[in-house]
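Below is one structure, written out as structure tokens, with a few remarks after it.
The values are calculated or read from the model by the stated rules, or taken from the named source; none is laboratory data. On a predicted model such as this, the values are computed, not experimentally measured, just so you know. Neighbour counts run over all protein chains shown; Cβ positions are idealised from the backbone, glycine included.
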Amino acid sequence: MRGTIGALLAKDLALELRTRESVPAMVLFSVTTYVIFHFGLDRNTVSGDLAAGVLWVTILFASILGINRLFVAEHEQGGFDGFLLAPVDRTALFVAKALALFAFLCIVEVVAVPAFAVLLLGPSPAQALPGLLLVLALANAGVAATGTLVAALAIQTRARDLIGPLLALPLLVPVVLASARATTPLLQQGGAQPLPGDWLAVLALYDLVFALIAYAVFDFLLED
Amino acid sequence: MPDPEPAVSLRGAGRRYGERAALRDVSLELAAGQTLVVFGPNGAGKTTLLRMLATLLRPHAGEVRVLGSSLPDDGYAVRGRIGFLGHEPLLYRELSGRENLRYYARLHGMLAPEADGAARIGAVLEAVGMERRADDPVAELSRGMVQRLAVARAVLHEPELLLLDEPLANLDPAAAAQVQPLIGRASGRTRVLTSHDPAGGLAGADLALGLKGGRQALLAPAAGVTPEQIAELYA
Amino acid sequence: MLTTALGLVFFYAPLDADQGFVQKIFYIHVPMAIVGLCGFVAGGICAVMHLRTREARWDMRSYVSIHLSIILAVGVLVTGSIWARASWGHWWVWDEPMLVSFLIVFLLYATYWPLRFSIEDKEKQARYASVFAIVAGAFVPLNFAAVRMAQQFVHPQTLATTTGGMPPKFALTFVVALAGITLMFITLCKYEMASKHATFRLRALRRRLAGDDDFAATTPLRSAAPQL
């Protein structure tokens with residue numbers, strides 16, 4: 001199992017490095033969204049709950065881009081067949097793709113979060129950083145689990161670019177909700193407040209539930 | 001001593017596509033080491049049959065047994081022993097031939113502790129004549145070269161059963177001759193292949209199956225079938 | 001049985017006329033919400049059975065259950081909106097966790113039909129719909145918990161009156177309304193399933209009459225409905 005996941009993950013990372021399709025687009029999209037927020041909200045800086053909201057909505061929509069592209073290579077180049085013919089546990093594909101999406105999100109956030117701090121954030125994020133990293137990690141896990149499942153569902157439909165976001169956005173509302181509420185005290189104007197533990201618990205619960213469900217049903221999406 | 005179990009055995013196998021029957025009531029037995037050639041017009045069910053044997057499609061009716069395992073329940077057990085060459089080469093266009101093969105080798109557990117997986121990749125690349133261009137992205141290769149790489153991918157894990165859907169498509173005569181030892185009769189493996197060439201197909205096979213509209217129109221030892229009978233399928 | 005239940009609902013309601021007409025909405029709104037939620041979860045459970053047994057009738061049950069729950073969800077949103085307007089003067093309030101959660105749930109399940117419709121192969125369509133139903137069914141309670149938690153910190157639980165501490169007269173009406181709507185749901189489920197059964201049997205007969213080669217003539221257009 002681990003070998004299969006390793007093979008799949010290595011292949012996906014190699015492809016992404018070679019084609020540079022998803023990650024740069026997600027980064028650019030994030031920065032552009034900040035600009036749009038600036039004009040849309042008519043604010044030079046944001047803090048507190050507004051900052052948390054802007055940050056998480058942007059990350060959410062950038063994730064949608066990544067989700068849409070996740071299985072495209074498999075679908076268009078017959079990669080599903082190639083994988084299905086191998087004597088491997090098919091759930092490895094879910095794990096590998098979720099890990100890939102998680103990795104892409106982390107890379108995107110390495111650029112997008114500092115960009116946010118520079119462009120829009122009022123208070124300095126230095127104090128908030130450890131807490132923020134924790135929330136980002138938990139949120140990314142949730143997006144990765146749900147996003148991979150939705151991507152696998154959507155890739156077989158005719159209108160996959162539409163079905164993907166339509167499914168993912170409502171399903172990710174709890175992630176955005178919990179992440180924003182958790183981040184709000186970190187980005188307060190007067191200095192970072194402590195991280196609220198219960199919202200982290202909600203995120204962790206979401207991650208667990210959806211990871212388990214996705215793990216259980218993924219096989220059914222692949223077979224024919 | 002009881003007869004060894006046939007490598008491929010179908011009994012009343014069927015597969016629906018919506019309300020249409022893509023394959024209906026197909027029954028045959030193929031012994032190990034023998035070759036089955038499948039003829040039929042487009043849409044007759046040839047590809048469906050091959051994909052079903054490859055465990056890519058579940059049978060909707062009847063019994064299907066491949067290499068001693070019943071499909072779909074025991075499909076897992078046979079996947080590593082089947083080599084499938086379909087219409088798609090199943091190669092990632094941005095990766096090189098070698099990288100693609102290495103990926104498939106890892107999937108088939110060939111690169112695990114032993115290093116002879118890498119040697120096998122090299123050997124297969126040489127056998128299909130792609131040694132020199134193995135490190136170019138697949139997108140830069142001609143169709144014939146891609147087909148050769150596809151053949152390499154199909155035989156990489158030394159399968160017992162080969163399922164070949166028009167294997168010589170896009171191959172010039174020289175390339176076709178080059179891959180014969182790997183996927184032709186000389187390979188000694190059990191083979192099921194589709195063909196649009198009545199004379200050539202019959203010559204290289206032990207058993208001939210003719211499909212029409214998803215149904216079995218003809219099943220006989222290849223030696224006793226004439227090209228005219230095959231032509232009737234296309235009428 | 002169903003008609004008597006519905007009749008009871010409408011005859012009891014006037015008993016509480018002193019509460020004002022608006023309060024009566026509550027007797028429809030909340031039971032619809034409860035039945036709708038149970039319907040979504042039931043759809044998920046039927047989907048699990050479908051994946052386990054691969055029998056088309058479980059997919060049919062899942063589809064019908066979700067189908068009707070979506071309609072109930074629309075009802076919840078509409079009645080909730082009317083109630084909000086009457087109680088607080090706005091057509092929509094974010095403070096009502098039930099309403100907000102239902103909006104999210106509705107938006108999610110509204111994708112059920114487009115999802116089914118856009119997969120042509122019927123077997124695959126049923127399988128993918130089942131996966132969706134399971135994920136969405138698990139999502140519903142999680143969503144409610146999260147939204148409720150969010151409201152709790154901003155506004156104290158002003159809607160505690162909706163469930164606990166009801167005087168007996170109201171409680172009875174509520175229970176009857178709940179029973180009525182549950183029965184209505186189940187009846188509609190059975191009705192829709194029976195009607196689909198009949199359609200398929202008719203189609204199968206027609207197919208047999210036309211002879212199998214005539215498939216193309218009798219094959220229906222793409223549809224989102226499950227097949228038996």
Criterion first (away from chain B (no Cβ under 14 Å), among the β-branched types (V, I, T) and within 30 Å of B:L56 (Cβ to Cβ)) does A:I67 satisfy it?
yes
Filter segment C:136-149 for residues that are within 7 Å of chain A (Cβ to nearest Cβ) and without any contact (Cβ under 8 Å) to a residue 12 or more places away in the chain and give the result.
C:L142, C:A146, C:M149
Qualifying residue in segment A:174-193 (condition: farther than 12 Å from A:A52 by Cβ and of a type in the set (V, I, T))
yes
Is it the case that segment B:48-64 has a residue that's closer than 18 Å to B:T190 by Cβ and without any contact (Cβ under 8 Å) to a residue 12 or more places away in the chain?
no
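Yes/no matrix, rows are residues, columns are (1) touching a Ser or Thr at 6+ places or on another chain (Cβ under 8 Å); (2) touching a residue at least 40 places away in the same chain (Cβ under 8 Å):
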position	(1), (2)
B:R132	no, no
B:E160	yes, yes
B:P167	no, yes
B:R191	yes, yes
B:P198	no, yes
B:L207	yes, yes
B:P221	no, no
Taking the options A:A25, A:A14, A:A51, name whichever one is within 13 Å of another protein chain (Cβ to nearest Cβ), part of a helix (DSSP H, G or I) and either in contact with a strand residue (DSSP E or B) (Cβ under 8 Å, 6 or more places away or on another chain) or not charged (D, E, K, R) (or both).
A:A14
All positions within segment A:30-44 that are assigned to a helix (DSSP H, G or I) and surrounded by fewer than 19 Cβ atoms within 10 Å (Cβ to Cβ)
A:V31, A:T32, A:V35, A:I36, A:H38, A:F39, A:G40, A:L41
Could you count how many residues in segment C:95-123 are assigned to a helix (DSSP H, G or I), within 30 Å of B:G18 (Cα to Cα) and facing chain A (nearest Cβ under 7 Å)?
4
If you go through segment A:181-206 one residue at a time, how many are surrounded by 15 or more Cβ atoms within 10 Å (Cβ to Cβ) and within 11 Å of another protein chain (Cβ to nearest Cβ)?
8
Conditions (1) modelled with pLDDT of 90 or more; (2) crowded, with 20+ Cβ neighbours inside 10 Å; (3) closer than 15 Å to B:Q216 by Cβ: number failed by B:A44
(1)
Condition met for A:L162 (part of a helix (DSSP H, G or I) and surrounded by 19 or more Cβ atoms within 10 Å (Cβ to Cβ)):
no
It is to be established whether one or more residues within segment A:89-105 are more than 14 Å from every other protein chain (Cβ to nearest Cβ), closer than 30 Å to A:K11 by Cβ, of a type in the set (F, W, Y) and outside any strand (DSSP E or B).
yes
Kindly check whether there is at least one residue in segment A:140-147 that is within 19 Å of A:S22 (Cα to Cα) and either assigned to a loop (DSSP other than H, G, I, E, B) or among the basic types (K, R) (or both).
no
The correct count of residues that are of a type in the set (S, T, Y) and at pLDDT 80 or above in segment C:143-186 is 1
Please give the number of the condition C:W91 fails out of (1) among the aromatic types (F, W, Y); (2) closer than 29 Å to C:D59 by Cβ; (3) surrounded by fewer than 17 Cβ atoms within 10 Å (Cβ to Cβ).
(2)
Looking at A:L99, A:L60, A:L85, A:L119 in this structure, which one is under 19 Å from A:I163 (Cβ atoms) and of a type outside the set (V, I, T)?
A:L60
Hey, B:R51 within 11 Å of chain A (Cβ to nearest Cβ) and either of a type in the set (V, I, T) or farther than 15 Å from A:F83 by Cβ (or both) or not
no
Looking at the structure I just gave you, is C:S69 modelled with pLDDT under 90, of a type in the set (S, T, Y) and in a helix (DSSP H, G or I)?
no
Kindly indicate whether any position in segment B:196-210 is more than 29 Å from B:G43 (Cβ to Cβ) and either under 13 Å from the mean Cα position of the chain (by Cα) or modelled with pLDDT of 90 or more (or both).
no
Which residue pairs have Cβ atoms closer than 8 Å, lie 6 or more positions apart in sequence or on different chains, and pair a first residue in segment B:75-98 that is at the interface with another protein chain (Cβ under 7 Å from one of its Cβ atoms) and surrounded by fewer than 20 Cβ atoms within 10 Å (Cβ to Cβ) with a second residue that is of a type in the set (S, T, N, Q) and in a loop (DSSP other than H, G, I, E, B)?
B:E88/A:Q77; B:R93/A:Q77
Residue pairs meeting the criteria (Cβ under 6 Å; at least 6 apart or on separate chains; first over 17 Å from C:R208 (Cα atoms), in segment B:2-27; second of a type in the set (V, I, T) and part of a strand (DSSP E or B)):
B:A7/B:T190; B:V8/B:V66; B:L10/B:V26; B:L10/B:V64; B:A13/B:V26; B:A13/B:V64
A:A178, sole failed condition from (1) more than 9 Å from chain C (Cβ to nearest Cβ); (2) under 15 Å from C:A145 (Cβ atoms); (3) crowded, with 21+ Cβ neighbours inside 10 Å
(1)
Given segment B:104-221, what strands (runs of 3 or more DSSP E) lie entirely inside it while holding 2 or more residues that are crowded, with 17+ Cβ neighbours inside 10 Å, on the phi < 0 side of the Ramachandran plot and away from chain A (no Cβ under 13 Å)?
B:190-194, B:207-212, B:215-221
